[in-house]
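The structure appears right after this line, and notes come after that.
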Amino acid sequence: MSKLVDSYRHKGLRKRLIEEVRSKGIRDEKVLSALEAVPRHYFMDSSFLEMAYQDKPFPIGSGQTISQPYTVACQTELLMVEKGMKVLEIGTGSGYQACVLEKMGARVFSIERHHSLYLRAKELLAKMNYKVRVFYGDGYKGLPAYAPFDRIIVTAAAPYLPDALLQQTKTGGIIVIPVGAGDTQVMKRITRIDEEDTREERFGYFRFVPLLGSKTR
Ligand code: SAM
């Protein structure tokens with residue numbers, strides 16, 4: 001892995017990107033500051049530096065993508081994270097979203113089912129000194145050994161809300177998950193009111209790569 005350099009130019013490009021994300025409707029200043037603090041170009045191949053500060057998703061290998069910055073901001077805003085909260089992310093991918101959550105003050109646990117992506121994210125996050133705990137596994141099952149969580153964020157398209165994730169959410173806790181089996185998914189925020197009841201809110205359509213079942217190397 002090459003040396004990590006965050007130059008004035010990168011910072012300038014990042015500021016511009018944050019203004020673009022703000023203009024698209026993200027209002028939470030804590031979310032915008034977290035996005036501004038995380039050098040997105042660290043998560044992409046060095047030959048694509050120019051692409052890192054465009055508001056677009058980008059391939060990261062194994063047929064997967066780093067999400068569009070607006071989508072990362074939107075999911076983070078919907079999650080309503082507070083300092084010290086335990087947050088579980090399903091779909092580590094590049095590790096970018098996990099770092100944004102860490103910058104929000106969360107204690108982040110993240111699961112990735114592609115072994116090569118898991119290894120790469122784990123190495124990068126350690127090098128960046130981010131205290132994110134990355135796991136290789138199947139996000140459908142959550143992370144029972146570390147449950148319950150205050151918040152769960154799913155960053156791949158889920159055909160339905162996996163029951164394990166609901167069971168691993170604290171009472172009063174929130175899950176943000178794009179649900180749908182077709183080309184687009186509805187972004188849902190599900191609040192666990194008590195043992196039996198949940199409240200569901202919907203926030204428009206997004207396009208994610210699918211959440212897949214068993215582990216793959
Ligand atoms: N959050 C990522 C980031 O910041 O780069 C982007 C996530 S990418 C859109 C979706 C990720 O979910 C991929 O890395 C994919 O391998 C992973 N994934 C798919 N199915 C999964 C599963 N069942 N459990 C855990 N991760 C899964």
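What to note about this one:
- Estimated vicinal HN-Hα couplings, Hz - segment 184-191 in sequence order (Karplus 6.51, -1.76, 1.60; Gly, Pro = x): 10, 10, 8, 7, 10, 10, 10, 9
- Pairs from the list Lys83/Lys188; Lys83/Lys122; Lys15/Lys188; Lys24/Lys170; Lys83/Lys127; Lys24/Lys131 with a Cα-Cα gap above 26 Å: Lys15/Lys188; Lys24/Lys170; Lys24/Lys131.
- Rounded tilt (10° steps) of 115-127 against the dominant C-alpha axis of the chain: 60
- The peptide list 96-103, 154-161, 176-183, put in order of mean Cβ contacts within 10 Å with the highest first, becomes 96-103, 154-161, 176-183.
- Segment 23-123: Cα Rg divided by the 2.2 N^0.38 Å rule of thumb: 1.03
- Computed [θ] at 222 nm, helices only, for the chain once each DSSP H run of length n ≥ 4 contributes -39500 (n - 2.57): -8500 deg cm²/dmol
- For the chain, the relative contact order comes to 15 percent (Cα pairs under 8 Å, sequence separation of at least 6).
- Spin-label pair Leu119/Glu201, simplified geometry with 7 Å Cα→Cβ offset, distance in nm: 4.2
- In segment 8-206, taking the dipole from charged Cβ atoms about the Cα centre, the farthest positive-side position among Gly63, Asn129, Val179 is held by Asn129.
- Surface/4 of the Cα convex hull for the chain, nm²: 11.1
- Summary of the geometry: segment 14-56 and segment 107-151, compared by the centres of their Cα atoms, lie 22 Å apart.
- Volume of the convex hull of segment 105-208 (Cα atoms only), normalised per residue: 112 Å³.
- Rounded to 5, the percent of DSSP beta bridges in segment 75-217 classed as antiparallel: 40
- Residue order, fewest to most beta carbons within 10 Å, for His10, His114: His10, His114
No value in this document is a laboratory result; all are computed from the given coordinates. Computed from a predicted model, the values in this text were never measured in an experiment. For neighbour counting, all protein chains shown are included, and Cβ atoms are generated from backbone atoms with ideal geometry for every residue, glycine included.
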